[in-house]
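Colleague: First the structure, which I've put down as structure tokens, then a few questions once you've had a look.
Here, each number is a calculation from the coordinates, and none is a lab measurement. These numbers come from a predicted model, not from an experiment. In this analysis, Cβ positions are derived from the backbone assuming ideal geometry, glycine residues included, and neighbour counts consider all displayed protein chains.
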Amino acid sequence: MPRQSIFHWQFNICSKSKVRGLSLKVFKTKKEVLKYSRKSAAKGKSIGLVPTMGFLHDGHISLVKMAKKKSDRVIVSIFVNPTQFGDPSDLEKYPRNMEADLAMLKAAKVNAVFAPEIDEVYDKEAQTIVETTKLSRIMMGKIRPGHFRGVSTIVTKLFNICQPDLAFFGEKDYQQLQVIKRMVKDLDMPIKIVGVPTMREKDGLAMSSRNVRLTKANRKAATVLSRSLFEVEKICANQNMTTTKLDKIIRQIISKEPKAEIKGVDIKDAESLGTVKGIVKQPVVAMLAVQFGDIMLIDQRVFTPKIAL
Ligand code: PAF
């Protein structure tokens, strides 16, 4: 359904938490969603949480589908979290469309949405943060200092507020997924974290809420990310390679695209995100951060070298 054509209809959903004939519950307060979660638990229903920052696309819907498969009830949170944005203009420009989001979630048959305002989430006097001390400071953490601290803090708060049994995150944000897995393990959170494979447009571009902000020319140029990843995956499947060589090949491919400015290329152990020395013998993840105009896109691919097959 085109996003615009459903605008008026959605507004009705948005204005009430439960509209007659519609089963999508939209909670604005922590108290309401916690009550819903506790009631579900009392009935023996497992809760799957899909945390999002809204402006939903098919990538988010694939998380919802996985959550529906693995849990009895699905809550989707929509909250553009200010503490994970370094640059205030990036936060301001982050695309939002609550009405279209709610329509998509209703169509996807989620049970409940948690869409709080900032004041509901962050106390003005708040002084507690959650941070993974190593994983949050490498790679994307260097490019966007403080980003993962903001992510782990909000995700912890969402876990406490929504009390899920399972939580679903896209593999596209691979470092984020590893940060959250580490945090859940370190803090003994009784929640199963499920990573969901990246959804791609027909031309290979990883789906992202940021894509709509690309100019037409940059949108076309951005396909270089997936092309470079697929290329090294192919090479790695056929030849013995070091991460240094793979890194060089990715950089060469991306550098041929004049609109792309490389911010980071990292090839790491797929599980620990540690450095891989010598010939690659284990599954590795290649993670890219590339700037197109004023938009930074990320992408990733996990692949297994020939030698490990
Ligand atoms: O991946 C995102 O959209 C955000 O980082 C998350 C996990 C919803 C936290 O704000």
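Colleague: If you take every residue apart from D165 with its C-beta less than 12 Å away from the C-beta of D165, what net charge results, scoring Lys and Arg +1 and Asp and Glu -1? Numbers along the way, then the final one.
Modeller: Details: positive: K45, K70, R73, K192; negative: D72.
With Lys, Arg at +1 and Asp, Glu at -1, the net is +3.
Colleague: Beyond a 18 Å Cα-Cα separation, which of these cross-linked pairs lie in this structure: K185/K277; K31/K69; K142/K268; K25/K192?
Modeller: Details: K185/K277 26 Å; K31/K69 27 Å; K142/K268 16 Å; K25/K192 24 Å.
Listed pairs above 18 Å: K185/K277; K31/K69; K25/K192.
Colleague: For a quick check: with amide H placed at 1.01 Å from N, whose amide H comes under 5 Å from V196's, ignoring anything fewer than 5 positions away on the same chain?
Modeller: F169, G170, E171
Colleague: Once phi is turned into ³J(HN,Hα) by the Karplus curve 6.51 cos²θ - 1.76 cosθ + 1.60 with θ = phi - 60°, what whole-Hz value does each residue of the stretch 31-44 show in order, with x for glycine and proline?
Modeller: 4, 5, 6, 5, 4, 4, 5, 5, 4, 4, 4, 5, 8, x
Colleague: Separate question: Sequence-distant or interchain residues sharing an amide H contact under 5 Å with F79, placed H: which?
Modeller: T52, M53, G54
Colleague: Follow-up. Could you compute the longest span of the chain free of GluC sites (Glu not before Pro) located in DSSP loops and having at most 11 other Cβ atoms within 10 Å, not counting the site residues?
Modeller: Numbers: sites that count: E117, E125.
The answer is 126-309.
Colleague: Rounded to the nearest 20 debye, what is the charge dipole size of the stretch 26-95 about its Cα centre when +1 sits on each Lys and Arg Cβ and -1 on each Asp and Glu Cβ?
Modeller: Working: 14 positive and 6 negative charges, 158 e Å.
In debye, rounded to 20, the stretch 26-95 gives about 760.
Colleague: Amide H neighbours of T242 under 5 Å, counting only residues 5+ apart in sequence or on other chains, H built in-plane at 1.01 Å?
Modeller: Long-range HN contacts for T242: V280.
Colleague: To continue, here is another question. What is the spin-label model distance, in nm, from K31 to R251 if the labels are put 7 Å beyond Cα along the C-beta direction?
Modeller: About 5.6 nm separates the two model spin labels.
Colleague: Projected onto the charge dipole of the chain (+1 at Lys/Arg Cβ, -1 at Asp/Glu Cβ, origin at the Cα centre), which of P190, G274, S255 gives the Cα projection farthest towards the positive end?
Modeller: In the chain, that residue is P190.
Colleague: Would you tally the net charge around V285, using a Cβ to Cβ cut-off of less than 10 Å, leaving V285 out, and scoring K and R as +1, D and E as -1?
Modeller: On the way: positive: K268, R301; negative: E171, D266, D269, E271.
So the surrounding residues net to -2.
Colleague: Further question: In nm, to one decimal, how far is the modelled label at I118 from the one at I235, with both set 7 Å along Cα→Cβ?
Modeller: Distance between the two pseudo-spin positions: 4.4 nm.
Colleague: Still on this structure, I have one more. Which three extents, in angstrom, do the Cα atoms of the stretch 145-215 have along their principal axes, listed largest first?
Modeller: Here the spans come out as 42, 25, 20 Å, largest first.
Colleague: What residue among V64, V290, V76 shows peak mean-square fluctuation when the chain is described by a Gaussian network model with Cα springs under 10 Å?
Modeller: Looking only at V64, V290, V76, the largest GNM fluctuation is found for V290.
Colleague: Between M183, M199, M241, which gets the highest mean-square fluctuation from a Gaussian network model of the chain, Cα cutoff 10 Å?
Modeller: In this elastic network of the chain, the residue with the biggest mean-square fluctuation among M183, M199, M241 is M241.
Colleague: Using the Karplus curve 6.51 cos²θ - 1.76 cosθ + 1.60 with θ = phi - 60°, work out ³J(HN,Hα) for each residue of the stretch 185-193 in order, rounded to whole Hz, and write x for Gly and Pro.
Modeller: 5, 5, 9, 6, 7, x, 10, 8, 9
Colleague: Let me ask another. For the stretch 118-261, with only Lys/Arg (+1) and Asp/Glu (-1) charged at the beta-carbon, what is the dipole magnitude about the Cα centre, in debye rounded to 20? Could you put the intermediate results ahead of the total?
Modeller: Working: 26 positive and 17 negative charges, 165 e Å.
For the stretch 118-261, the charge dipole is close to 800 debye.
Colleague: A follow-up question, please. Under a cut-off of 15 Å between alpha-carbon atoms, report the aspartates and glutamates in cross-link reach of K172, not counting same-chain residues fewer than 8 places apart.
Modeller: Filter leaves D58, E201, D266, E271, D299.
Colleague: List the aspartates and glutamates whose Cα sits under 14 Å from the Cα of K70, skipping any in the same chain fewer than 8 residues away.
Modeller: Cα-Cα hits under 14 Å: D165.
Colleague: Sticking with this structure for a sec: If we restrict to alpha carbons, what Rg and Dmax does the chain come to, in Å?
Modeller: My reading of the Cα-based Rg and Dmax gives 20.0, 62 Å.
Colleague: From the convex hull of the Cα coordinates of the stretch 81-229, what is the mean projected area in square nanometres?
Modeller: Mean projected area for the stretch 81-229: 10.5 nm², to one decimal.
Colleague: Under a Cβ-only charge scheme (Lys and Arg +1, Asp and Glu -1), can you give me the dipole magnitude of the stretch 211-309 about the Cα centre, in debye to the nearest 20? Don't jump to the answer; show the numbers that get you there.
Modeller: On the way: 17 positive and 10 negative charges, 61 e Å.
Rounded to the nearest 20 debye, it is 300 debye.
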